[in-house]
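**Q** Got a structure here, written out as structure tokens. Questions coming.
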Amino acid sequence: MKLAFLIASRSLTSRKLRTAASMLGIAVGIGTVIAIFVIDHNTNLSQERRRSEDSARPDIEITPLHSNPAGVLDISRSLESIPGVLEATGAFFNGITLVRNERPIADLELCGLEPGKSETFSAYRIAEGRDLEPGDTEAFLLPRGLATRLEISLGDSIVVRRRRPPVRGCRDGQIVTVDEGGARDEDQVQSMRLVGLLAPERLGRRQLAITTFQASVKLFRDDHFLPIFWARLSSSTTAEEVQRRVQSDFTVSTPRFALAGEALEEKAFRNGVLASAMMALLLGLFIIFNSMSMSLNERIRQIGLLSALGTTRAQISAIFLAEGGILALSGGVLGVAIGLGLAALLKAYRITTLGLGERVDTFEIPLPAVSAVVGLGVLFALLGILWPLVKARRLSTTEALRSGRADFKDLRQRTRIGVYLVLVILIPLGFLGVSHLVVGGTQRMLLILLKAGGALAAVFGVLLFCPGFLTRATRWVLGPWSRLFRLETRLAESSMTGSGHRIFTSVTGLMLVFATLLGVKSITGSLQDETRQWADRALPPSLYVRSEPLDRMRLLELEELEGVRGVVPLTAEINSPFTIRGVEPESLARTARSAEQHRLVEKLSAGDGIVLSEYLARSYRYRIGDTIELPTFDGPRPYEVIGVSDAFGFFPDNRKYGLIREADMRRDFCRTNDSLTQLAVILEDGAAEHRVEERVRASLSSLEWLTIKRASAIRARHVREIERDFFIFDVILLLIVCLAALGMLNSLVIAALERRKEIALLRIIGLTRAQLSGVLLLETISIGLIGGVLAALLGVPVSWIVVQGLANVSGLGVAFELSPVLLIGCVLGSVLVSLIASLLPLRQAHRVDYATAIRYE
Amino acid sequence: MSQTATQPIVAASDVDKTYRMGEIQVPVLRSVGLEIAEGRFVAIMGPSGSGKSTLLHVLSGLDAPDRGRVLLEGHDVYALKDRARTLLRRDRIGFVFQFFNLVPNLTVTENILLPAMIQGQDPSERPPELATLIERFRLTGQADRFPHQISGGEMQRVSIARALFSQPRIIMADEPTGNISSRAGQEVMELLRACRDERGQTILLVTHNPRDAAFADRVHFLKDGEIAAHTTLEDDAVNEARILDCLKELDV
């Protein structure tokens, strides 16, 4: 082992630049992925922790449209029969009073839950006593602290009386208070026995008593009550999908505390970040493997020499493993340090996997994922360094000593298939396992990833299985230069076609990086285009006013202002299950700008119709002519979808909304625009926003509270936010561009080292410095060009697939648009990275002591 | 670039060269002076480490001396800038090495054409002298092969063919037979001799093989970085037996 470490350490220290480039390659590869894993883990953890600490955690809440629904006890079972709903439970909350010796001792909330569901929904934890069981109709649970305070012990019975706060509702435009009920006094009380005490977490933190759903329904059976149902969904199911299944009877909502990171767009975003991390991992492992295995000829000669001197294969393996081990472990340690440092920086600058600006409160290291990444990195480094040993087994000692010629072209088909399987299938699958890629949401998302992976696999397969492709590509690229630089072109060509392994590595590295870059930038561009198009539709020159309540006279005054086309009151608003605004057709008619818009306003004025914003319609897959039942006090009220349009009704910043006639909203929800707090002031064509804003401010100067947003500012902010949210991609891209540059640098350094003698010879027989530079630069430019063009060939279909997929899952009307500037930039970027990476090796080539190189190497 | 008839084609005066490895200094050449007339075949002999190859490198403009001057066709080689020195080497000198030093990814023909390619010739153009050279060096069947596909003797013949192709006035050969069989070595030396006899090229040979040195017109012996002047052999005096005597005399 002493010999092994001696030779290994000498080998590492004698080629400092190569060692440094290899180690940095390993470190940056590992570090990039670790940084993303750590920040993603902590982003989620922080979101999770910030969720309400005193609530259960269902994926969705399902509310019946009718109060006192029939067969309430069976609803959970019928919900569980919906594909994708894993488990459901009824949850009922209402007010009770605890009575001891006929005296009320506490007013509490009673929560009815189905027994045995607490763990599934993280509702509570029993600290003492037992949990509720099926058939328990007189048992209840109390938070331990509350029980102590009320001096109620386990096993004590106590009288529970229902409280009946007046139920407010809306009937035919009139607010009604339901205070009549047929309940007899004796039905309002029930004796219950305390069977368990709750730990002070989740529901156990609240002032409530928990009993079985059945018992709570029994207690409130003849009252006006509206139970809710909680459900856990499979990772491939969305709230929207469940909503479609239960459309006519229930509304489905995502609890407030489950929103962050779980909305479809956010899932898609996180998947994008993680997919980029996978590219970084793939690239990193690829570069690590190649860094270690690239100096194949030199190593094979070394094996030949050691073998000739009587070193056994085991000893040779030990030498190589020692070198690989030192390099991989030090690279791994450095990688972990870089990864954690970078994650800390990302945290500090609030760059998260949910976009920029999200606060990350925690800094935990997901050890399994980090260990897996480091393990993979080290494994690939060792595989890379052992690769020459495998190759050398096919050569005799004298063959190995004499030429050591072994190249990528010589790979057997079986080996190629092995490499392919590892890089294209095993690593991505392993990555999915480790990263918990957010497939949840829909299987469509998985399909997108598969399609994109398929495109990658196809291009990668061509490169791997058709080694002649790169040779031909080299000739095509170098061809045009041969007229100007005949000698340089020929020498560059001979070098490139003779170093298939090196060229494959460099080209593939650049291709992966710039395809990712093209993909991310195309997606950002497409989203920005979508936002601009939406803004063109939904944001005519206008001002959005939010203020303390205004009377109608003020509105009329605003309408008279110079530059104002009309004012649309948008105060009447409900959220059930999405934002619905009540609008007055007359005010819309004043601001309509086309015949089509006028027709839509006409339809709306007929009543009982709803106009949906495009985003909302796409998200819920509603079409014109569909009926949506909105929950009202008297049960569901059908509304026909009469239009899908963004032309009216937007108010910052919700793009998912519906519009109904104000009279209908008054009738069904008792919400009106009588007292105005939200207005859209639509401007005349050509009117200057800031001038009109000044006039509006002057007109409303007597108000104490007033905010005005300009449409142009909203538009700019929406576009800017996409860029801001995608900033983490820029960080990842920067890292993987560095990684590719390092890989390229390593490849060129190794090439320069291996070609020292050739370079020396050429210089001796008269090649000038300029000609030598020409040869190396032509080679570099060609690699960059081939990598860039392949990146475009891969990046364009992948971007198209991802953008189509994004449109499919997010409900955004994004369309793939190919920017020629981006495409050219991608190819030029690839060439530029190659050129930058070639500067050091070029300098090294010029500093070759050719007298020594020619004699001793 | 022309020179007068009396002027030597290669001249070195007072050349010192010391290799430094950290604090250790190894003097390789000490006050070496040498003149080689045009059209002569000069061999430099000496034991390993005597500075033979270093002298060749210094004379060819590859390795600058610490002191002294080297004149090539009257040009002070190390007073020239790198580019001019490179061009002088390209146009005037052909090199033959012990380890052949062929470019592995170029064919035999392309390796022979390499100096011409460096001078700007199109590699697809095959001048008639190429065919002559290939035939003369018995490389006809190997013309389109790569170096790793031919034998050591053939590689060395390619290397000499490359050195001769652009018809340089000087050929510098560093142990050209050191890595090939004695039969192939004999062939190589005959080819070098023919260059001098038939084309009037100047040959500077570095060797430790008395049989190879016997092909020269003049033999200088180098010991401990100095030319042992009293043992220089010239013309008729150059034969294998005398060379061996000299080596014995020098205690080599």
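Derivation of every value follows stated rules applied to the coordinates shown; laboratory data play no part. This is a predicted model, so every value here is computed, not measured. As a convention, Cβ positions derive from the backbone with ideal geometry for all residues, glycine included, and neighbour counts pool all protein chains shown.
**Q** Which aspartates and glutamates, if any, have their Cα less than 18 Å from the Cα of A:LYS521, not counting same-chain residues under 8 positions apart?
**A** Output for A:LYS521: A:GLU265, A:GLU266, A:ASP529, A:GLU530, A:GLU721, A:GLU723, A:ASP725, A:ASP730, A:GLU817.
**Q** Which one, B:SER166, A:THR353, A:GLY500, is farthest towards the positive end of the dipole of the protein assembly as shown when Lys and Arg carry +1 and Asp and Glu -1 on their Cβ?
**A** It is B:SER166.
**Q** Here is a further query. Taking the Cα-to-Cβ direction at A:ALA20 and at A:LEU832 and moving 7 Å from each Cα, how far apart do the two end points lie in nm?
**A** The answer from the label model is 2.4 nm.
**Q** Nothing charged except the Cβ atoms of Lys and Arg (+1) and of Asp and Glu (-1): what's the magnitude of the dipole of the protein assembly as shown about its Cα centre? Round to the nearest 20 debye. It would help to have the intermediate numbers written out before the result.
**A** Numbers: 127 positive and 123 negative charges, 574 e Å.
The dipole magnitude comes to about 2760 debye.
**Q** So, counting K/R as plus one and D/E as minus one, what does the shell of residues with Cβ under 15 Å around B:ALA161 add up to? Spell out each step's value before the answer.
**A** Values: positive: B:ARG126, B:ARG136, B:ARG138, B:ARG145, B:ARG157, B:ARG162, B:ARG199; negative: B:GLU110, B:GLU129, B:GLU135, B:ASP144, B:GLU154, B:GLU187, B:GLU190, B:GLU198.
Around B:ALA161, the surrounding residues sum to -1.
**Q** Give, in nm to one decimal, the length gained when the segment between A:SER371 and A:HIS598 is fully stretched (0.36 nm per residue of separation minus the Cα-Cα distance). Kindly include the intermediate steps, with their values, before the conclusion.
**A** Details: separation 227, 0.36 × 227 = 81.72 nm, distance 6.25 nm.
That works out to 75.5 nm of additional length.
**Q** In addition: Which distance in nm do the two modelled labels at A:THR677 and B:SER48 give, with both placed 7 Å along the Cα-to-Cβ direction?
**A** Simple spin-label model gives 9.7 nm for this pair.
**Q** Here's something else I'd like to know. Subtract the Cα-Cα distance of B:GLU249 and B:ARG30 from 0.36 nm times their separation in residues, and report this length gain in nm to one decimal. The partial results should precede the final answer.
**A** Values: separation 219, 0.36 × 219 = 78.84 nm, distance 2.04 nm.
Result: 76.8 nm gained on full extension.
**Q** Over region B:91-158, calculate the relative contact order: mean separation of alpha carbon pairs under 8 Å at least 6 apart, over the residue count, as a percent.
**A** Details: 46 pairs, mean separation 34.1, N = 68.
Normalised by residue count, the contact order of region B:91-158 is 50 percent.
**Q** Further, regarding this structure: Arrange the following residues from fewest to most other Cβ atoms within 10 Å of their Cβ: A:ARG843, B:ARG157, A:ARG655. Write down the numbers at each step before the final one.
**A** Working: A:ARG843 10, B:ARG157 28, A:ARG655 19.
Taking fewest neighbouring Cβ atoms as first place, the list is A:ARG843, A:ARG655, B:ARG157.
**Q** What does the charge dipole of region A:618-774 about its Cα centre add up to, to the nearest 20 debye, if the Cβ of each Lys and Arg holds +1 and the Cβ of each Asp and Glu holds -1? If you can, show how the numbers build up before the last one.
**A** Values: 24 positive and 22 negative charges, 201 e Å.
Charge dipole of region A:618-774: 960 debye, to the nearest 20.
**Q** Can you give the log10 of the normalised intensity I(q)/I(0) at q = 0.05, 0.08, 0.10 Å⁻¹, computed with Debye over equal Cα scatterers of the protein assembly as shown?
**A** The Debye formula, applied to the Cα set alone, gives -0.53, -0.93, -1.24.
**Q** Using the structure shown, select from A:LYS656/A:LYS709; A:LYS16/B:LYS17; A:LYS117/A:LYS451; A:LYS757/B:LYS81 the pairs with a Cα to Cα distance greater than 30 angstrom. Intermediate results must be reported in sequence, preceding the final value.
**A** Details: A:LYS656/A:LYS709 19 Å; A:LYS16/B:LYS17 28 Å; A:LYS117/A:LYS451 39 Å; A:LYS757/B:LYS81 23 Å.
Checking Cα-Cα distances, A:LYS117/A:LYS451 exceed 30 Å.
**Q** For B:LYS248, list the aspartates and glutamates whose Cα falls under 13 Å from its own Cα; do not include residues on the same chain fewer than 8 positions away.
**A** B:GLU240
**Q** Something else: Sort A:697-709, A:206-218, B:60-72 for me by packing, meaning the mean count of neighbouring Cβ atoms within 10 Å per residue, highest on top. Numbers along the way, then the final one.
**A** Values: A:697-709: 12.2, A:206-218: 21.7, B:60-72: 20.0.
Descending packing order for the listed peptides: A:206-218, B:60-72, A:697-709.
**Q** Using a 7 Å offset from the Cα along the Cα-to-Cβ direction at both A:SER317 and B:ASN179, what is the distance between the two label points in nm, to one decimal?
**A** Simple spin-label model gives 3.3 nm for this pair.
**Q** Nearest 0.05, what FRET efficiency do B:THR140 and A:CYS738 give at R0 = 60 Å with Cβ-Cβ as r? Could the numbers behind the result be given before it?
**A** Numbers: r = 52 Å, r/R0 = 0.87.
Efficiency at R0 = 60 Å is approximately 0.70.
**Q** Treat region B:84-236 as a sphere of radius equal to its Kirkwood radius over Cα pairs and apply Stokes-Einstein at 20 °C in a medium of 1.002 mPa s; give the translational diffusion coefficient in µm²/s, rounded to a whole number.
**A** Values: Rh = 16.1 Å.
The calculation lands on 133 µm²/s.
**Q** Taking other Cβ within 10 Å of each residue's Cβ, how do B:ARG92, A:ARG769, A:ARG715 sort, fewest first? Show your work: numbers first, answer last.
**A** Numbers: B:ARG92 21, A:ARG769 13, A:ARG715 17.
Arranged by neighbour count, lowest to highest, B:ARG92, A:ARG769, A:ARG715 become A:ARG769, A:ARG715, B:ARG92.
**Q** Something else now. Determine the shielding of peptide A:642-651 by partner chains: average, over its residues, the number of Cβ atoms on other chains within 10 angstrom of each Cβ. Write down the numbers at each step before the final one.
**A** Values: counts 0, 0, 0, 0, 0, 0, 0, 0, 0, 0.
The mean count of partner-chain Cβ atoms within 10 Å per residue comes to 0.
**Q** For region A:725-845, just run the numbers: alpha carbon Rg, then divide by 2.2 N^0.38 Å, N being how many residues it has.
**A** Values: Rg = 19.1 Å, N = 121, 2.2 N^0.38 = 13.6 Å.
Computed over Cα atoms of region A:725-845, the ratio equals 1.40.
**Q** What does the helix-only formula give at 222 nm for the protein assembly as shown: each DSSP H stretch with n ≥ 4 adding -39500 (n - 2.57), the total divided by the residues, and the result rounded to the nearest 500 deg cm²/dmol? Present the calculation step by step, with values, prior to reporting the outcome.
**A** Values: 37 runs with 559 residues, N = 1109.
Value at 222 nm, helices only: -16500 deg cm²/dmol.
**Q** When the expected Rg is taken as 2.2 N^0.38 Å, what fraction or multiple of it is the alpha-carbon Rg of region A:542-686?
**A** Details: Rg = 14.6 Å, N = 145, 2.2 N^0.38 = 14.6 Å.
Rounded to two decimals, the normalised Rg is 1.00.
**Q** Report, in debye and to the nearest 20, how large the dipole of region A:542-686 comes out about its Cα centre when Lys and Arg carry +1 and Asp and Glu carry -1 on their Cβ. Before the final figure, lay out the partial values.
**A** Numbers: 19 positive and 25 negative charges, 97 e Å.
Charge dipole, region A:542-686, about its Cα centre: 460 debye, nearest 20.
**Q** Now, a different point. State the extension gain, in nm to one decimal, for the chain segment bounded by A:ALA606 and A:ALA815, taking 0.36 nm per residue of separation less the distance between their alpha-carbons. Present the calculation step by step, with values, prior to reporting the outcome.
**A** Details: separation 209, 0.36 × 209 = 75.24 nm, distance 3.45 nm.
This chain segment gains 71.8 nm when fully extended.
**Q** While we're looking at this one, here's another question. Please flag any cysteine in the protein assembly as shown that has no other cysteine's Cβ under 4.7 angstrom from its own Cβ.
**A** If one checks each Cβ against the other cysteines of the protein assembly as shown, A:CYS111, A:CYS466, A:CYS738, A:CYS826, B:CYS195, B:CYS246 turn up with nothing under 4.7 Å.
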